[in-house]
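Please read the structure below before turning to the comments.
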Amino acid sequence: MDEQKSNTAQNNFNLLWQIIDERYCFFGEKDVDWDEVYDHYYHDWASYGDKDPSSPHLFGTIAMMLEELRDGHVCLSDGFTTRTFTGWYTPYLENFDLDRISFYTNRRTGYLNNETTFSILPESIGYLRCPSLSEKFNRNDLDNAIARFEGLKGVIIDVRNNGGGLVSEAYTLASKFVREKTHIGYVRYKTGKGHDDFSDYYARHVKPDGLHRFHGKVVIITNRRVYSAANLFVSMMSNLPQVYTMGDRTGGGGGVPVSAELYNGWTVELSTNPVFDTGKRSIESGIEPDYSIALSTKDPQKDNIIEAAKTWILAK
């Protein structure tokens with residue numbers, strides 16, 4: 001910000017609003033009137049008569065104001081409590097049962113360092129369960145896992161409930177399935193304080209990496225809890241001709257998050273640079289699968305979405 005003001009409740013409220021106003025990137029897509037939001041929540045806070053710059057009421061008022069953006073990347077933290085929008089997944093069925101996954105991962109299972117596991121199913125199909133991208137892959141271990149898939153009929157990549165993490169690891173995993181440098185989308189950068197001040201579209205690419213890669217059939221299984229870097233991974237992989245997506249629409253999260261600090265030490269995270277698919281469509285609101293299918297309650301042991309993925313791979 002251009003100037004440092006005193007640590008008062010009103011200055012913190014105004015600074016938070018200003019940071020979002022000048023740097024947030026989805027006002028147009030979300031159809032949010034940020035001036036109107038200010039008027040509503042400022043009146044709510046001012047009528048309470050709260051002057052404490054670190055009061056719970058101020059924190060709650062600001063947090064509710066941020067939820068108007070309907071963005072899981074936008075959050076407020078006072079160092080002890082963090083508030084963020086969860087509506088990108090809470091109203092929807094999870095379509096995931098961890099107990100059923102053991103039916104597939106208990107067979108010749110290998111483990112990678114970031115909670116990822118891989119198995120070889122009896123049908124000669126690989127199964128890669130990737131629940132998080134919050135840690136970097138050990139490149140040698142990932143390479144060895146992909147080597148185990150060589151000669152198989154196909155690979156299932158299950159990213160359900162993957163809330164994201166490191167964008168670099170989305171690229172790392174995708175690099176194991178491309179034959180050549182592949183165009184996978186675009187990004188734009190915030191260039192000014194206006195809501196529509198953006199750069200041109202800059203192309204993004206994924207390049208093959210490592211000693212081993214898999215170029216056969218791939219099914220990616222998704223649900224509403226797939227967010228942020230995992231959402232980006234699904235978008236990237238959707239561009240490959242051998243890839244088919246199944247499950248539910250992803251939760252989204254297509255903005256590159258940054259953080260800023262208020263006068264009272266609270267921090268706010270926000271989306272600044274929007275990401276797009278190869279058709280220049282925003283991926284903020286999620287990605288529809290090629291085949292929508294919900295988790296069945298008929299068989300409490302088997303996962304019918306994984307079974308459908310196996311059927312697709314085995315079909316000629």
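The candidate values are (i) 1.04; (ii) 0.94; (iii) 1.11; the one derived from this structure for Cα Rg over 2.2 N^0.38 Å carries the label (iii).
Under the combined filter of DSSP loop state and at most 15 neighbouring Cβ atoms within 10 Å, the stretch 89-138 retains these trypsin sites (Lys or Arg not before Pro): 107, 108, 136. Over the stretch 87-181, the ratio between the Cα radius of gyration and 2.2 N^0.38 Å evaluates to 1.12.
Taken over the stretch 171-271, the percentage of Cα pairs per 5 Å bin, counting from 0 up to the bin with the maximum distance, is 2, 11, 16, 19, 17, 14, 10, 6, 3, 1, 0.
Estimated purely from DSSP H runs of n ≥ 4, each contributing -39500 (n - 2.57), the mean residue ellipticity at 222 nm for the chain is -8500 deg cm²/dmol once divided by its residues. Can you give me the Rg/Rh ratio for the stretch 9-84, using Cα atoms for both radii and the Kirkwood formula for Rh? Looking at the stretch 9-84, the ratio lands at 0.94. Between the amide H of residue 25 and those of 271, distances stay under 5 Å, these residues lying 5 or more places away or on another chain, with hydrogens modeled in the peptide plane. Summing +1 for each Lys or Arg and -1 for each Asp or Glu among the other residues whose beta-carbon sits under 15 angstrom from that of residue 265 gives -3. The spacing between the stretch 196-239 and the stretch 126-140, judged by their C-alpha centroids, is 14 Å.
Given R₀ = 25 Å, FRET efficiency for residue 302-residue 242 by Cβ-Cβ distance, to 0.05? Computed FRET efficiency for residue 302 and residue 242: 0.50. When restricted to Cα atoms, the stretch 1-148 yields an Rg and a Dmax of 22.8, 67 Å, respectively. Using R0 = 25 Å, the C-beta based FRET efficiency linking residue 44 and residue 18 works out to 0.85.
Stretching residue 196 away from residue 11 to a fully extended chain increases their span by 64.0 nm, per 0.36 nm per residue minus the current alpha-carbon distance.
The charge dipole of the chain, taken about its Cα centre with unit charges on the Cβ atoms of Lys, Arg (+1), Asp and Glu (-1) only, comes to about 1940 debye. Close amide H contacts of residue 164 (hydrogens built in the peptide plane, cut-off under 5 Å, sequence separation of 5 or more or a different chain): 133, 227, 230. Remark: spin-label model distance residue 294-residue 140 equals 4.7 nm, labels positioned 7 Å along the Cα→Cβ axis.
Calculated FRET efficiency, residue 278 and residue 64, Cβ-Cβ r, R0 35 Å, to nearest 0.05?
Details: r = 37 Å, r/R0 = 1.05.
For residue 278 and residue 64, the calculated efficiency is 0.45.
The length gained by stretching the chain between residue 92 and residue 113 to full extension, at 0.36 nm per residue less their Cα-Cα distance, is 4.6 nm.
For GluC sites (Glu not before Pro), the sites in the stretch 1-40 that DSSP calls loop and that have at most 12 other Cβ atoms within 10 Å are 3.
Residue 199 sits among other residues whose Cβ lies under 13 Å from its own Cβ, and their net charge, with Lys and Arg +1 and Asp and Glu -1, is -1.
Straight-line cross-link reach from residue 190 at under 14 Å between alpha-carbon atoms covers these aspartates and glutamates, not counting any fewer than eight positions away in the same chain: 21, 22, 200.
With respect to the chain, whose longest principal axis is taken over its alpha-carbon atoms, helix 9-23 is tilted by about 50°.
Excluding same-chain neighbours fewer than eight residues apart, the lysines reachable from residue 217 by a Cα-Cα span under 18 Å are 153, 176, 310, 316. Considering only alpha-carbon pairs that sit under 8 angstrom and 6 or more positions apart, the relative contact order computed for the stretch 9-84 is 30 percent. Across the stretch 48-130, C-alpha contacts under 8 Å between residues 6 or more apart give a mean separation that, scaled by the residue count, equals a relative contact order of 14 percent. Counting chymotrypsin sites (Phe, Trp or Tyr not before Pro) as exposed when in a DSSP loop with at most 16 other beta carbons within 10 Å, what is the longest stretch of the chain free of them? Value returned for the longest uninterrupted segment is 202-316.
Any read-out appearing in this document is the output of simple, stated calculations on the displayed coordinates, not a laboratory observation. Every value quoted in this text rests on a predicted model; they were computed, and no experiment measured them. Cβ coordinates were reconstructed from backbone atoms using ideal geometry, including for glycine residues, and neighbour counts include every protein chain displayed.
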